[in-house]
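**Q** Here it is, the structure, as structure tokens.
The values are calculated or read from the model by the stated rules, or taken from the named source; none is laboratory data. Everything numeric in this text was worked out from a predicted model, so none of it was measured. Because the Cβ atoms are built from the backbone with ideal geometry, glycine has one as well, and the counts that use them run over all protein chains shown. Quick note on the areas: whole protein, heavy atoms, side chains included, nothing else; ligands and nucleic acids left out. Shrake-Rupley method; radii C 1.70, N 1.55, O 1.52, S 1.80 Å.
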Amino acid sequence: MEIKVDMAYKSLNQHEEELCGDKVEILHTDNSHILILADGMGSGVKANILATMTSKILGTMFLRGIPLEECVETIAETLPICRVRQMAYATFSILQVYDDGTAYLVEFDNPGCIFIRDGEIMKIPEQFRMIDNRRINEYHFKVKLGDAFVLISDGAINAGVGELLNFGWNWDSVAKYAQREYKKTISAMHLAAAISQACDDLYQYRPGDDTTVAVLRIGEKKLVNLMTGPAQCQEDDEGMVTDFMADENAVKVVCGGTSANIVARVLEKEINVAFTGEIDPNIPPTASIEGIDLVTEGVVTMNRVLKLLEQYTRDDEIDEAFFIELDKPNGASMLAKLLIEQCTDLHLFVGKAVNAAYQNTELPFQLGVRQKLVDQIEDVLKRLGKGVSVRYY
């Protein structure tokens, strides 16, 4: 079974600092995925420079396959020396997961990686070695579907110290919170945002230290087939539906009333409109067709999906409120959640027939319209690392 690696992070700047002293790098090789979290000593500009240099050096050298010893030595020789502590110093964690399921974790002075499997906190078999008088923890292990790995800077375990808590949020507390959130979380970003929000709450929204939560999750590759719009030539309707239904393992989504009618006619199934649950006056209701996983209205719903996808690409706008919106039982939220949290590859089956109703200039967005929406959705999903293909009829 092929795996997908989902990586994301959230950072909080120390109160009144414009720059974060933590830095995350997300990298990909031909056969692996790399997550690096570096924490620069101190705060503000100096810490940001230290963390950025550390993460960039490690990322560049790891991509070239340079041994860990050389990486650590290069960092020690490159970073400036702290006048107070007399050391060139930034802490770091590196997690590399290969496509065959093998993994490699390296830690230097950062809080330990939180590893969750099947809802339980796991201990990774540990080895260490001394490099340039530094203790480096190393781990070699295998991952499996559903695993979650949480890398944190020390700002996370210090959250609340001197404020709501006497001694801060220790590692065990962070791990237990991550474990609790894991049960209801699918995406790496959702888990990272939940833990980061909890840290911010404990700091009473004035973080006393730069705080970063970086998450890597192991999931299964999931193909989504999405059909929207009738074919330009009516005689192509049946072929379009046949292509759309061809992959038995794909999640199948139909967007648009006309498209739904075509699918129902070709498959000889009935359409049932769903008026149950929460009604959103701005989003048309969903429907159901046997054999189809999700049936929604077309342009209005897809426009809302696009806005949610674009919001997801903006790190500063991702918080628990966003995921509450994503959990709403309307067609736009359901489709956006599917594309964000489950879909690894999207195949779009797009009809080129023009719907005259879309030319109504009173509609609240520009219409050129299905074609433009498809192009924009394709673009944003590619930026999110999804595989996208489009087939026109």
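**Q** Of the listed peptides 258-265, 135-142, 174-181, what is their order by residue-averaged count of other C-beta atoms within 10 Å, with the highest listed first?
**A** Highest-to-lowest ranking by the protection proxy: 258-265, 174-181, 135-142.
**Q** Ranked from the most accessible area to the least, with a 1.4 Å probe and all protein chains present, what is the order of 53, 41, 334?
**A** 334, 53, 41
**Q** Among the listed pairs 222/382; 56/386; 221/386; 252/337; 307/372; 4/144, which are separated by more than 18 Å between their Cα atoms?
**A** With Cα atoms farther than 18 Å apart: 56/386.
**Q** Excluding ligands, DNA and RNA, what is the solvent-accessible area per residue of the range 184-302 at a probe of 1.4 Å, expressed in Å²? Working shown, then result.
**A** Numbers: 5180 Å² over 119 residues.
With the other protein chains kept in place, the range 184-302 gives 44 Å² per residue.
**Q** In nm, to one decimal, how far is the modelled label at residue 100 from the one at residue 391, with both set 7 Å along Cα→Cβ?
**A** 3.4
**Q** Also, I was wondering about something else. Per-residue ellipticity at 222 nm for the chain, helices alone: DSSP H runs ≥ 4 residues times -39500 (n - 2.57), over residue total, nearest 500 deg cm²/dmol?
**A** -10000 deg cm²/dmol
**Q** Taking amide H atoms as placed 1.01 Å from N in the peptide plane, list the residues 5 or more away in sequence, or in a different chain, whose amide H sits under 5 Å from that of residue 159.
**A** Correct list: 169.
**Q** Report the charge-dipole magnitude of the chain in Debye, nearest 20, computed about the Cα centre from +1 at each Lys and Arg Cβ and -1 at each Asp and Glu Cβ.
**A** Around 240 debye, computed over the chain.
**Q** Among 285, 230, 125, whose mean-square fluctuation peaks in a Gaussian network model of the chain (Cα, cutoff 10 Å)?
**A** Largest GNM mean-square fluctuation: 125.
**Q** Can you tell me what share of the DSSP beta bridges in the chain is antiparallel? A percent to the nearest 5 is fine.
**A** Working: 57 of 79 bridges.
About 70 percent, rounded to the nearest 5.
**Q** Let me ask another. Whose amide H sits under 5 Å from the amide H of residue 89, counting only residues 5 or more places off or on another chain, with H placed in the peptide plane?
**A** Amide H neighbours of residue 89: 82.
**Q** Please build a GNM for the chain, connecting alpha carbons under 10 Å apart, and tell me which residue among 231, 47, 274 fluctuates the most.
**A** In the Gaussian network model the winner is 274.
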